[in-house]
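Every number here is computed from the coordinates shown, using simple stated rules; none is lab data. As the structure is a prediction and not an experimental result, all values here were calculated from the model. Reconstructed Cβ throughout: ideal geometry from the backbone, glycine too, with neighbour counts over all protein chains shown.
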Amino acid sequence: MRYTNIFIPTTKEIPSDAVLPSHKYLLKAGFVCSTGSGLYDYLPLGKIVLDNIKNIVKNNMDKAKANEISLSFVTPLKLWEQSGRIEDMGQEMLKFKDRHQNNFVLSPTNEEAVVTVVKNRIKSYKHLPVNLYQINTKFRDEVRPRFGILRAREFLMKDAYSFSDSQECLQQQFDIMETTYKNILNEMGLKYKVVKADSGAIGGDGSLEFHIVANSGEDTIVVCMDCEFGANIETMEDIDDKLNETPYNELENINIQQKCSCGGKLVFKKGIEVGHIFQLKDKYSKALDATFLDSNGKQQHFMMGCYGMGISRIIAAAVEQNHDDKGAIWPLNLTPYKVCIIVSNGKDNTQQKVATDISNTLEKAGISNIIDDRVKERFGFKMADFELIGYPYAIVVGKNIADGKVEIVDRKTLEKSICDIDKILETVLSNFNT
Ligand SMILES: Nc1ncnc2c1ncn2[C@@H]1O[C@H](COP(=O)(O)OP(=O)(O)OP(=O)(O)O)[C@@H](O)[C@H]1O
Ligand SMILES: [Mg+2]
Ligand SMILES: [Zn+2]
């Protein structure tokens with residue numbers, strides 16, 4: 001890819017409510033723009049990151065033997081009347097009428113719809129378990145849409161729903177999803193915690209949240225320094241409600257007397273919820289009377305699990321966890337391009353030629369890259385764009401091509417190193433592996 005062929009509308013003009021790094025940088029660097037409160041458009045760079053996330057999620061869900069489907073974004077209000085969930089969803093659910101005065105809803109989640117799909121289509125235990133998932137638009141009329149795409153009104157979610165014939169089978173499906181979520185977040189290169197979540201009115205112990213640890217997180221979580229334990233403070237009885245408003249730097253200094261059951265030290269952290277997995281059991285299959293015949297020929301209600309992941313929220317969460325005061329720093333598997341090849345002087349045809357050759361070499365090795373071939377922009381300006389957008393590496397093609405050399409810049413440390421042009425591929429690859 002070349003700068004001269006791609007639409008990257010970087011801007012200094014951002015709204016005053018853009019205070020979080022991810023909100024600021026994603027707007028400034030031209031990943032997204034907004035047409036109204038909680039409504040976002042994904043521009044070319046944002047769309048590439050979104051697709052990278054979708055692909056990682058899809059590959060891992062497919063590996064877990066889940067089947068991808070796509071449910072209608074618009075659902076009849078009738079479904080929500082049947083499940084009795086209209087009250088619970090409250091104002092977050094956007095309702096409207098068609099020309100015949102029929103009532104509809106923009107899907108905020110899809111339990112009712114997916115139960116309706118399975119009902120009377122899966123009739124026997126022999127066809128269970130089944131896990132159906134989609135990566136699809138959701139609409140929630142949030143009271144306070146804020147922080148850009150972290151809490152939008154229209155957003156992209158991966159939602160999966162498993163159907164089992166017993167609690168044991170549901171537990172297996174749930175465990176598979178827990179492992180799958182860990183694999184997904186590891187592949188994305190994000191630091192996360194799996195925490196016990198408040199299972200609210202539904203009860204049961206089968207609810208886990210996946211949090212990206214970041215200073216700006218809306219949730220306060222408590223985690224063990226020595227083992228895997230973590231919990232959302234919502235679940236802890238003796239915890240002060242004010243903790244949620246405590247800034248992270250004060251939180252970190254709070255000494256927790258209580259020890260983890262493993263004996264380890266507990267600490268508070270801020271987290272961004274990117275996933276939530278839940279054992280629904282027969283809540284919705286009962287409400288919508290969806291049954292199958294068990295091995296004794298008896299009718300039973302499906303045992304269900306549901307598994308949500310905030311696809312678009314992960315873009316912002318990745319930036320919250322990975323940035324500095326100049327801009328974003330993308331993890332290798334999420335970045336729009338792995339390498340930015342900066343032509344120091346765009347008017348210099350030899351530099352342009354060397355940059356093109358390097359780009360072809362990387363391309364052949366499957367390393368996505370973009371050439372900053374702009375003629376009118378000065379080197380400093382291009383460097384500032386590289387830092388703002390946050391590609392993991394830059395290769396600067398400048399005067400020292402005369403000696404057969406270029407410079408490699410590591411976005412994370414901003415350290416520069418000189419490299420022989422004919423060793424560029426192995427050098428870039430060895431950088432990826434450290
Ligand atoms: N308004 C939103 N904008 C972007 N992503 C969202 C939004 N609401 C939820 N998500 C994502 O969808 C996932 C599954 O939805 P779920 O209903 O479990 O969220 P939730 O409990 O309402 O989240 P939150 O507590 O942040 O409102 C969440 O883990 C989150 O990553
Ligand atoms: Mg919510
Ligand atoms: Zn512990």
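Structure notes:
- Mean separation of Cα contacts under 8 Å, 6 or more apart, over the residue count of segment 239-335: relative contact order %: 19
- Cβ-defined net charge surrounding LYS126, 15 Å radius [Lys, Arg +1; Asp, Glu -1]: +1
- Scalar couplings 3J(HN,Hα) for segment 67-80, obtained by applying the Karplus form with A = 6.51, B = -1.76, C = 1.60 to θ = phi - 60°, are 10, 7, 10, 9, 8, 4, 5, 8, 10, x, 4, 3, 4, 6 Hz; x denotes Gly and Pro.
- Relative contact order for segment 22-65, counting Cα pairs under 8 Å that sit 6 or more residues apart, in percent: 25
- Sequence-distant contacts, meaning Cα pairs under 8 Å at least 6 residues apart, place the relative contact order of segment 3-321 at 21 percent.
- The radius of gyration of the Cα set in the chain, together with its Dmax, comes out at 24.5, 81 angstrom.
- Rough spin-label spacing in nm, given labels placed 7 Å along Cα→Cβ, for PHE381 and ASP51: 2.8
- Site pair GLU218 and THR10 shows an inter-label distance of 3.1 nm when each label is modelled 7 Å from Cα along Cα→Cβ.
- With a cut-off of 13 Å between beta carbons, the residues surrounding GLN172 carry a summed charge of -3, where Lys and Arg count +1 and Asp and Glu -1.
- Peptides 219-231, 366-378, 64-76, 144-156 ranked from most to least packed, by the mean per-residue count of other Cβ atoms within 10 Å: 144-156, 219-231, 366-378, 64-76.
- For the peptides 89-98, 346-355, 41-50, the ranking by packing is 41-50, 346-355, 89-98, with the highest mean count of neighbouring Cβ atoms within 10 Å listed first.
- Paramagnetic label reach from HIS127 (point 7 Å along Cα→Cβ; backbone nitrogen cut-off under 18 Å): within segment 158-180, residues 161-166.
- Per-residue packing, averaged as other Cβ atoms within 10 Å, sorts the ranges 122-135, 275-288, 11-24 into the order 275-288, 122-135, 11-24, beginning with the highest.
- Extension gain for PHE96 to ASP41 (0.36 nm times residue separation, less C-alpha to C-alpha distance): 17.5 nm.
- Violating pairs (Cα-Cα greater than 26 angstrom) within the set LYS24/LYS182; LYS138/LYS182; LYS65/LYS138; LYS12/LYS54; LYS191/LYS265: LYS24/LYS182; LYS12/LYS54
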